[in-house]
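Read the structure below first, then the notes.
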Amino acid sequence: MRLPASDADFQACRPAITGFLSETVGSPGSAIHDPFTECIVLATISGRALSHRHQSLVERLYMTNPHDFWYRHNWIHDTLTQYLGTLAFNHPSPSTSTDPMLLFTCMMAQTTVLYLYKLMECVKPESGQDDAVVAKYMQASSAAAQEVVNLTDTLSRISMLKVSKLPPHTMRTQLTASACRSTH
């Protein structure tokens, strides 16, 4: 499946040949993308993390070798880490950006880092690497949690402007009035 054309090409009705999703996920950092395309790529990586969890549950039922788990887990984590680096290089900081798609994409990426850490807790690392593996993922998840807090703060500052053109106090009054009506 090919990635969508850039927003500029789409708006100008210019045909564009884009890369394939599988190639882009397999080699993060290869090209600069629109925030929408970045979102598609990161949604794919997040989807692989979800599939990884389901596959891990099945493997645990059949008591297979945890080597396969760690191979997939490290691949997803490394791919995600590389893509986060590429995202940071190609786009302004999400905390200063007003692009809601970029903000959503960054939140999805950080949430996937947290998800991988939580998933890692379910499987004991292979012998001899316990402390190093746990420390690596714990550090990554702590940084991801802090970044989610920062992104949430940014979201709270821009969302009112993106949601409604009404002044904030009018919007709050309308929300309060509709909440009161729904409780009576």
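So, in segment 92-124, of the ones that are more than 23 Å from residue 134 (Cα to Cα) and of a type in the set (Val, Ile, Thr), which residue ends up modelled with the highest pLDDT? This residue is 105.
Residue-wise test of (1) more than 23 Å from residue 142 (Cβ to Cβ); (2) touching a strand residue (DSSP E or B) at 6+ places or on another chain (Cβ under 6 Å); (3) buried (at least 18 other Cβ atoms within 10 Å of the Cβ).
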site	(1), (2), (3)
66	yes, no, no
76	no, no, yes
79	no, no, yes
82	no, no, no
85	no, no, no
88	no, no, no
93	no, no, no
105	no, no, yes
112	no, no, yes
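When residue 56 is tested against (1) farther than 21 Å from residue 133 by Cβ; (2) in contact with a Leu (Cβ under 9 Å, 6 or more places away or on another chain), just one condition goes unmet, and that condition is (1). Look at (1) of a type in the set (Ser, Thr, Tyr); (2) at pLDDT below 85; (3) over 15 Å from residue 144 (Cβ atoms); (4) within 16 Å of the chain's Cα centre (by Cα) and you find that residue 44 fails only one, number (2). All told, residue 56 meets the bar of being touching a residue at least 12 places away in the same chain (Cβ under 8 Å) and hydroxyl-bearing (Ser, Thr, Tyr).
Among the residues of segment 89-110, which ones are touching a Cys at 6+ places or on another chain (Cβ under 9 Å) and part of a helix (DSSP H, G or I)? Hits for segment 89-110 are 101, 102, 104, 105, 108. Scanning segment 1-50 for residues that are assigned to a loop (DSSP other than H, G, I, E, B) and in contact (Cβ under 8 Å) with a residue 24 or more places away in the chain yields 3, 4, 6, 28, 29, 32, 33, 34.
Comparison of 88, 5 shows that the only residue that is over 19 Å from residue 149 (Cα atoms) and aliphatic (A, V, I, L, M) is 5.
Selection of first residues in segment 111-129 that are part of a helix (DSSP H, G or I) and of second residues that are modelled with pLDDT under 75 and of a type in the set (Asp, Glu), restricted to Cβ pairs under 8 Å at least 6 apart or on distinct chains, gives an empty result.
The values are calculated or read from the model by the stated rules, or taken from the named source; none is laboratory data. Here the structure is a predicted model, which is why all the values come from computation and not from measurement. Note that each Cβ is placed from the backbone with ideal geometry, even for glycine, and that neighbours are counted across all protein chains shown.
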